[in-house]
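The values are calculated or read from the model by the stated rules, or taken from the named source; none is laboratory data. The model shown is predicted, which means the values in this text are computed figures rather than measured ones. A quick note on method: Cβ atoms are made from the backbone with ideal geometry, for glycine too, and the neighbour counts reach across all protein chains shown. Heavy atoms of the whole protein, side chains included, go into the accessibility calculation; ligands, DNA and RNA do not. Shrake-Rupley method; radii C 1.70, N 1.55, O 1.52, S 1.80 Å.
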Amino acid sequence: MSDRRGGAPFGAVLCDVDNVIRHFDSSGLHALERAAGLAEGTTKKVAFAPETDLPLLLGRIDDQEWVRSIAAGLSGLVPEATAWELGTALLESPFRAEETVVSLLRRARARVPLVLVSNATLRLEEDLASLGLADLADHVVNSARVGLVKPDPRIYRHAASLAGTASDRCLFVDDTLENVDAAAALGMTPLHYREPADLERALQPLLA
C-alpha cells in the first residue's frame, strides 16, 4: 500500500493503544486497596510484573488465569477473597477513549495507513468495538494474537509490513520509552507520547 497522499512525510502511523488512545479509571481499585490497608498501586505492581502479565500478553493464559496469578502474588498481604477482589477490580477497570487522539488518528488515516500496535489481551478487539473504534485503524497488531510483545523488533516489522511501508517511513507512537527506543533502532520516527499535543505536533507535517 502506498501513501494515500503524494509527498506525505510518513508512509504509515503505528500507534499504541493503552495510555494513548485508551485510558483506564483506577479509582475503584485504589479505594479497595486503601480499604484493605494496601498502598495504592500494589495490585498493579503485582499484576504487571513480567512473570505475571507476560503470559497474558502473549495469549498463553486468559483473563481469569491472570486474576488467579494476581491473587497468588497478593497472598500474605491480604486475605484470599480480598486478593481475588483486587485482581478482578483491576481486570474490570472502566476505560474511555481519548477523543482528541482519536480525531487526530482518523485525520492521519485519511492520508496514510494506520496500524495499532498493542501489548494487550485477547479482549482488545472487543474493547475497541465497545468504544466505537472497531474501524479506527487499517490493522490491529495485538500481542496476544501474534505471540510477540513490544519491544521485540519482530512486532514492529510485522506492523510495518501490514501497512505496506518500510520501517524508516513509519511514525511510531507509544507512551513507554523502551518501546519508542526500540522503534527508533529500526529507523522509525519515534514519538514518546505524554499528551495529545505531542501527537498533534508530530502529525502536523502530515495534516498540514
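Select from region 193-208 the residues that are open to solvent by less than 50 Å² (accessible area, probe 1.4 Å) and either basic (K, R) or not in a helix (DSSP H, G or I) (or both) and list them in ascending order. Passing the criteria: only Y193. Candidates in region 88-110 are the residues that are of a type in the set (A, V, I, L, M, F, W, C) and farther than 16 Å from S26 by Cβ; of these, the one that is most open to solvent (accessible area, probe 1.4 Å) is A110.
When the criteria are applied in full, A97 fails the requirement of being small (G, A, S), modelled with pLDDT of 95 or more and over 24 Å from R145 (Cα atoms). Could you say whether any residue in region 173-192 is surrounded by fewer than 18 Cβ atoms within 10 Å (Cβ to Cβ) and within 20 Å of P55 (Cβ to Cβ)? For region 173-192, residues surrounded by fewer than 18 Cβ atoms within 10 Å (Cβ to Cβ) and within 20 Å of P55 (Cβ to Cβ): present. Restricting the first member to region 170-189 and to residues that are modelled with pLDDT of 95 or more, and the second to residues that are open to solvent by 10 Å² or more (accessible area, probe 1.4 Å) and of a type in the set (G, A, S), the beta-carbon pairs closer than 7 Å and six or more apart or on different chains are L171/A202; L186/S167; G187/S167; M188/S167.
Close contacts from region 107-119, counting a first residue that is closer than 8 Å to D16 by Cβ and a second that is of a type in the set (V, I, T) and open to solvent by 40 Å² or more (accessible area, probe 1.4 Å), with Cβ to Cβ under 7 Å and a gap of 6+ residues or different chains, come to L116/V140. Filtered by the rule that a residue be open to solvent by less than 30 Å² (accessible area, probe 1.4 Å), part of a helix (DSSP H, G or I) and not β-branched (V, I, T), region 37-57 gives A47, D53, L56, L57. Filtering region 18-36 down to residues that are in a loop (DSSP other than H, G, I, E, B) and not small (G, A, S), which residue is nearest to L199 (Cα to Cα)? Within region 18-36, the match that is nearest to L199 (Cα to Cα) is V20. State yes or no: is L122 surrounded by fewer than 17 Cβ atoms within 10 Å (Cβ to Cβ) and hydrophobic (A, V, I, L, M, F, W, C)? Yes: the conditions hold for L122.
Among the residues of region 15-36, those that are buried (at least 21 other Cβ atoms within 10 Å of the Cβ) and under 11 Å from the mean Cα position of the chain (by Cα) comprise C15, D16, V17, V20, I21, R22. Taking the criterion of being among the aliphatic types (A, V, I, L, M), in a helix (DSSP H, G or I) and open to solvent by 40 Å² or more (accessible area, probe 1.4 Å), the only residue of region 162-172 that qualifies is L162.
Taking the residues in region 74-87 that are touching a residue at least 24 places away in the same chain (Cβ under 8 Å) and open to solvent by 80 Å² or more (accessible area, probe 1.4 Å) as candidates, determine which candidate is nearest to E51 (Cα to Cα). Step by step, filter region 74-87, then rank; the result is L77. When you scan region 140-154, do you find a residue that is open to solvent by 40 Å² or more (accessible area, probe 1.4 Å) and under 17 Å from V101 (Cβ atoms), even just one? Looking for residues that are open to solvent by 40 Å² or more (accessible area, probe 1.4 Å) and under 17 Å from V101 (Cβ atoms), one finds at least one in region 140-154, hence yes.
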